[in-house]
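One structure is given here, and the rest of the page talks about it.
The values are calculated or read from the model by the stated rules, or taken from the named source; none is laboratory data. Worth saying up front: this structure is predicted, and the values here are computed from it rather than measured. Cβ placement follows ideal geometry from the backbone for every residue including glycine, while neighbour counts extend to all protein chains displayed.
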Amino acid sequence: MQNPDIYLHDIPLGEAQAAWHAALEERNLLTPLGSESVPLEQANGRVTAEPVWARLSSPHYHASAMDGYAIRAEDTRGATETAPKQLAIGQQAVYMDTGDPIPQGFNAVVMVENVQVIGDAIEIIAPAAPWQYIRPMGEDMVATELVLAANHRIRPQDLGALAGSGHDRVTVYRRPRVAIIPTGNELVRPGVPVQAGQIIEYNSLVLGALAEEAGAEVTRYPIHPNDQEKIKQTVLEAMKTHDLIVVNAGSSAGSQDFTARVFAEVGKIYVHGIAIRPGHPVILAAAQKALAGIPGYPVSAAVTFELLCLPLILRWQGQVAPARPHIQAKLARKVVSPMGDDEFLRVTVGQVGQTAIATPLSGGAGVITSLVKADGVVTIPRFKEGHHAGEMVDVELMGDPNKVRNTILAIGSHDMTLDVLADELARRSAIRGRRVWLSSAHVGSYSGLMALQRGEAHFAGSHLLNEDGDRAGEYNTNAIAQLLAPFGVRVLVMGFVNRVQGLIVLRGNPKRVNTLEDLTRADMTFVNRQRGAGTRALLDFELKKRGINPRQITGYDRAEYTHLALAAQVKSGAADCGLGILAAARALELDFVPLFNERYDLIIPVEHYESDLLQPMLEVIRDPAFARRVQALGGYETGKMGVVLEG
């Protein structure tokens, strides 16, 4: 595909990899790199380029394994407590420290605590077996024995074996050299104050760290503006000293996307577009070196680099990517996948009872936090439309499988205090030697209780207002009676926080918003919470009390899933106000018009409340120090925190 006018013809992932590898193989760019000899101090993590054979036996002499006396076993025959044997020191017994060479003609060691020194002799009350407490020459390894095979990634213990077998250096593959060139007029370096339209460039950090973790040496080039000639010159320069040149961003087909044009000039393009999500506008090319154009969206960049570039980096070192563990998990909600693309869905994973639960994270290609929070990946094949809620799926875990069993799953209403709780729990449990994590999915109070009904969470944060009945104006009791009790789910209601709900507005409240009635003004734009959220239920309850028709409110149907996301919409100017909590307004330096006080509870099934898993979290919740940290956020009262209110 040398013609730069041919763009974005998506092909399956396997075909793309095969086409690129075939092109690299034609140029002799697919075989392991050359070798070099390095001292053992620099060898950890490197890969052996040839087998390593022992130069010395280890130990290279017969060595005493104990402090004691070297003796001849035959001299101790018949020794008993009633008829002990005495051996002359110097002639029949020679004192040994651990590791001392065994004198010629001696064939056993008796421990010092098992003898009694009597003048110039030792007394023995039990016979010794030949070669007892002696490390024979070659016990660990014998000279000429294979110590490490070729293509072995060296570990700390391997360094000891190399040194012990007589080596002070080892021949390893040269590290692959990877150049990463970030491009884009909108990019600025981390730490530089950003203006509207500017984006902090961190893809080169992420991609570089992935490459370094795989054993490569990385050159991170400065940010390049969208200038075809400048990008081309840097690519040509990088090709002189690097094995893989990665141009980040500009890989699509827009007027400011120059990667394909540059690669077509310096080499030949073999792939432009892969049927994967995230990350389809990928370019794979070759010249005298390997070339890759990686999309600019951060999740697309990380996923495509891991799928395409890391296997090449490992192959150059005689390695393949290590297999990750897989588990079967129940999908917490429905997922719709576009036909025609392999989708790599990031999920959090925890275990409720005997069932692993996979909760999908936001799938946006620009949501880098989905990679931070993800415990695993569900691959949805390109011709499958998705998965239903409750369906069992295969999850490729990205970390320690033990984390699944030690993760507390919270599904329900969003509150910033849950993030504080997760931080406290992780820090304190690490200090105590048993890591416990809290993973929270923000789907609203109603959906959280439904998750408890289906057995998909350990607890739910909820603030569903009772709108009618004997307990109208209270929280959560009606919802529990309707959604949980009929299904045999026994729960208790734990007090967590009382919080202030109000209107989040820009600094100075320029629109002079003070009441819910102000939301109906023609000059007002509102942003709401999603259906099923307790805040949405509170708003609807209060609007109904005041006789306000929601259709009179511009933006009523526009919804966000968290208080912080709602506050961000106000901060950006996309909305004039939204109903949320004071802590969210403070976090984004916005003003706040207090309107209501409400109760935010934790709804916990009894079986989980009594489990060992939740005890560290309950301990944190009931610690006054944690309550003080919550109060510092603003807008919270913690008098009932940790108190069982119902059940």
Quick one: would you say P51 is of a type outside the set (S, T, N, Q), closer than 30 Å to K289 by Cα, at pLDDT 95 or above and exposed (fewer than 14 other Cβ atoms within 10 Å of the Cβ)? yes
Considering each residue of the stretch 101-115, count those that are out of contact with any Ser or Thr (no Cβ under 8 Å at 6 or more places or on another chain) and either crowded, with 17+ Cβ neighbours inside 10 Å or closer than 16 Å to I89 by Cβ (or both), and give that number. 8
Which of the following residues is surrounded by 15 or more Cβ atoms within 10 Å (Cβ to Cβ), of a type outside the set (A, V, I, L, M, F, W, C), in contact (Cβ under 8 Å) with a residue 40 or more places away in the chain and on the phi > 0 side of the Ramachandran plot: G647, G578, G642? G642
Helices (runs of 4 or more DSSP H) within the stretch 581-647 that include 1 or more residues among the acidic types (D, E): 606-609, 615-621
Set Q615, Q631: member being of a type outside the set (K, R), touching a Ser or Thr at 6+ places or on another chain (Cβ under 8 Å), surrounded by fewer than 18 Cβ atoms within 10 Å (Cβ to Cβ) and under 20 Å from L425 (Cα atoms): Q631
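Per-residue answers, yes or no, for (1) assigned to a loop (DSSP other than H, G, I, E, B); (2) within 26 Å of P12 (Cα to Cα):
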site	(1), (2)
E229	no, no
Q233	no, no
V246	no, yes
G296	yes, yes
A301	no, yes
F305	no, yes
P311	no, yes
V320	yes, yes
A323	yes, yes
Just checking, how many residues over the stretch 336-361 are outside any strand (DSSP E or B) and either within 15 Å of the chain's Cα centre (by Cα) or charged (D, E, K, R) (or both)? 2
Count, please, the residues in the stretch 56-87 that happen to be of a type in the set (G, A, S), modelled with pLDDT of 95 or more and over 29 Å from D140 (Cα atoms). 0
Hey, could you check the stretch 144-164 for residues that are in a helix (DSSP H, G or I) and not acidic (D, E) and say which is surrounded by the most Cβ atoms within 10 Å (Cβ to Cβ)? L162
Grab the strands (runs of 3 or more DSSP E) fully contained in the stretch 449-540, keeping just those with 3 or more residues being of a type in the set (A, V, I, L, M, F, W, C) and either touching a residue at least 40 places away in the same chain (Cβ under 8 Å) or surrounded by 19 or more Cβ atoms within 10 Å (Cβ to Cβ) (or both). 491-505
Mind counting the residues in the stretch 553-564 that are modelled with pLDDT under 95 and either of a type in the set (A, V, I, L, M, F, W, C) or in a helix (DSSP H, G or I) (or both)? 3
Determine which single condition R586 fails, assuming it passes every other condition in (1) surrounded by 15 or more Cβ atoms within 10 Å (Cβ to Cβ); (2) at pLDDT 95 or above; (3) of a type in the set (K, R). (2)
So A93, is it over 15 Å from H62 (Cα atoms), surrounded by 17 or more Cβ atoms within 10 Å (Cβ to Cβ), among the aliphatic types (A, V, I, L, M) and in the same structural domain as A70 (by TED's automatic domain parsing): yes
Going residue by residue through the stretch 167-180, is there one that turns out to be of a type outside the set (D, E, K, R), part of a loop (DSSP other than H, G, I, E, B), within 19 Å of A49 (Cβ to Cβ) and more than 37 Å from the chain's Cα centre (by Cα)? yes
Across the stretch 392-422, which residue is farthest from R324 (Cα to Cα) among those that are at pLDDT 95 or above and charged (D, E, K, R)? D394
For the list (1) in contact (Cβ under 8 Å) with a residue 40 or more places away in the chain; (2) among the β-branched types (V, I, T); (3) surrounded by fewer than 17 Cβ atoms within 10 Å (Cβ to Cβ), I need the number of the one condition that I118 fails. (1)
Out of H463, H414, sole residue that is more than 19 Å from the chain's Cα centre (by Cα) and either of a type in the set (K, R) or within 24 Å of S370 (Cα to Cα) (or both): H414
Selection from the stretch 78-130 of residues that are part of a strand (DSSP E or B) and under 13 Å from A65 (Cβ atoms): M96, P101, A108, V109, V110, M111
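Residue by residue, here is whether (1) charged (D, E, K, R); (2) under 20 Å from Y202 (Cα atoms); (3) surrounded by fewer than 24 Cβ atoms within 10 Å (Cβ to Cβ); (4) out of contact with any Cys (no Cβ under 7 Å at 6 or more places or on another chain) holds:
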position	(1), (2), (3), (4)
N248	no, yes, no, yes
Y270	no, no, yes, yes
I274	no, no, no, yes
P281	no, yes, no, yes
V303	no, yes, yes, yes
E306	yes, yes, yes, yes
